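Take a look at the structure set out below.
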Amino acid sequence: GAGRIYVGKRSGRQAASQEEISRLLVELAREGGLVVRLKGGDPFVFGRGGEEILALQEAEIPYEVISGITSAIAVPAAGGIPVTHRRIARSFHVITGHTAQNGGETLTENLETLARLEGTLVFLMGLHHLEKIVQGLLAGGKAPSIPSAVISRGTTAQQRVVRAPLGELAERVRSAALEAPAVIIVGETADLDFTGTIPRPLRGVKIGVTGTKTITRKLRDRLEELGAEVTEMDYSRLAPYR
């Protein structure tokens, strides 16, 4: 019985501006319904959740935050890369790959500083600026041989991982034709591979299931255990014959 409004974003195009999304949250809440703003990852890690909450506070609308796991951690883990590891990386740094607006410093201006940081560098939303990121880190002193990786569509059945030394990363990613959304990892932990080894014979397979709710849920649980990506179709219902 819920109404759904798509306000998603992709690089270079968006269904609604951030101002429109904040206004919509306020308007829908004032109509008296329960409004859920669903975001990927954590709403406060480059998710602009803070801007939306400020709009709710200004309108004196009650709210609650249910935090998610940021893609800066979840996606590398799904690709077998830990962001920290004893004796290898004691810290990690999360950076937006977008250029700062409204007079702030650009990403390129910050790269030389970032290159001097120890630990793992994780870039979000940076695939379209990958060559600039690589060039800036190399210019700032990062060794061309340092391990790095790009993970596209992480945690989904379409996940793809490209690992390469930093100096070769942009060319390898371009050859593999990776697509956004993607996470870029630079640091020694990118040389580790902790990918799960439990066999999932249906990994990468998409299956639609239908039936009664009881049957559908049982099928979904079993198929997901085997690694399938399951979509529940319309439910069947039993009705008395007339």
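Applying the set (1) farther than 30 Å from E225 by Cβ; (2) under 19 Å from the mean Cα position of the chain (by Cα) to A143 leaves exactly one unmet item: (2).
Contact annotation: residue pairs with Cβ atoms under 6 Å, 6 or more positions apart or on different chains, pairing a residue in the stretch 154-169 that is at pLDDT below 90 with a partner that is open to solvent by 50 Å² or more (accessible area, probe 1.4 Å), are A157/E229. Scanning the stretch 211-224 for residues that are open to solvent by 80 Å² or more (accessible area, probe 1.4 Å) and not acidic (D, E) yields K213, T214, I215, R217, K218, R222. Scan the stretch 194-205 and tell me whether some residue there is out of contact with any helix residue (DSSP H, G or I) (no Cβ under 6 Å at 6 or more places or on another chain) and under 30 Å from A115 (Cβ atoms). Checking the stretch 194-205: at least one residue is out of contact with any helix residue (DSSP H, G or I) (no Cβ under 6 Å at 6 or more places or on another chain) and under 30 Å from A115 (Cβ atoms). So which residues in the stretch 161-174 are in a helix (DSSP H, G or I) and within 22 Å of the chain's Cα centre (by Cα), if there are any at all? Within the stretch 161-174, L166, L169, A170, R172, V173, R174 meet the criteria.
Based on this model, can you work out whether V45 counts as aliphatic (A, V, I, L, M), closer than 30 Å to G227 by Cα, modelled with pLDDT under 95 and under 21 Å from the mean Cα position of the chain (by Cα)?
Values: aliphatic (A, V, I, L, M): yes; closer than 30 Å to G227 by Cα: yes; modelled with pLDDT under 95: yes; under 21 Å from the mean Cα position of the chain (by Cα): yes.
In short, yes.
In the set (1) touching a residue at least 60 places away in the same chain (Cβ under 8 Å); (2) under 25 Å from P43 (Cβ atoms), E179 fails one condition alone, (1). Listed by first and then second residue, the pairs with beta-carbon distance under 8 Å, at least 6 apart or on different chains, first residue in the stretch 202-224 and within 18 Å of Y235 (Cβ to Cβ) and part of a helix (DSSP H, G or I), second acidic (D, E) and open to solvent by 50 Å² or more (accessible area, probe 1.4 Å), are T216/E232; R220/E232.
Among the residues of the stretch 1-21, write down those that are in a helix (DSSP H, G or I), open to solvent by 80 Å² or more (accessible area, probe 1.4 Å) and touching a residue at least 12 places away in the same chain (Cβ under 8 Å). Break it down stepwise before answering.
First, the residues of the stretch 1-21 that are in a helix (DSSP H, G or I): 18-21.
After this cut, where a residue has to be open to solvent by 80 Å² or more (accessible area, probe 1.4 Å) as well, the list is 19-20.
E20 - this is the single residue of the stretch 1-21 that is in a helix (DSSP H, G or I), open to solvent by 80 Å² or more (accessible area, probe 1.4 Å) and touching a residue at least 12 places away in the same chain (Cβ under 8 Å).
Assess whether L138 counts as being hydrophobic (A, V, I, L, M, F, W, C) and more than 23 Å from I69 (Cα to Cα). Against the criterion (hydrophobic (A, V, I, L, M, F, W, C) and more than 23 Å from I69 (Cα to Cα)), L138 qualifies. Selection of the stretch 117-144 for residues being polar (S, T, N, Q) and either at pLDDT below 95 or open to solvent by 20 Å² or more (accessible area, probe 1.4 Å) (or both) yields only Q135. Taking the criterion of being open to solvent by less than 30 Å² (accessible area, probe 1.4 Å), assigned to a helix (DSSP H, G or I), under 21 Å from T155 (Cβ atoms) and of a type in the set (G, A, S), the residues of the stretch 22-75 that qualify are G49, A72.
The values are calculated or read from the model by the stated rules, or taken from the named source; none is laboratory data. Quick caveat, the model's predicted, so the values are computed rather than measured. Counting neighbours? That spans all protein chains shown, and the Cβs are built from the backbone with ideal geometry, glycine included. Side chains are part of the model used for accessible areas, which takes the heavy atoms of the whole protein and leaves out ligands, DNA and RNA. Shrake-Rupley method; radii C 1.70, N 1.55, O 1.52, S 1.80 Å.
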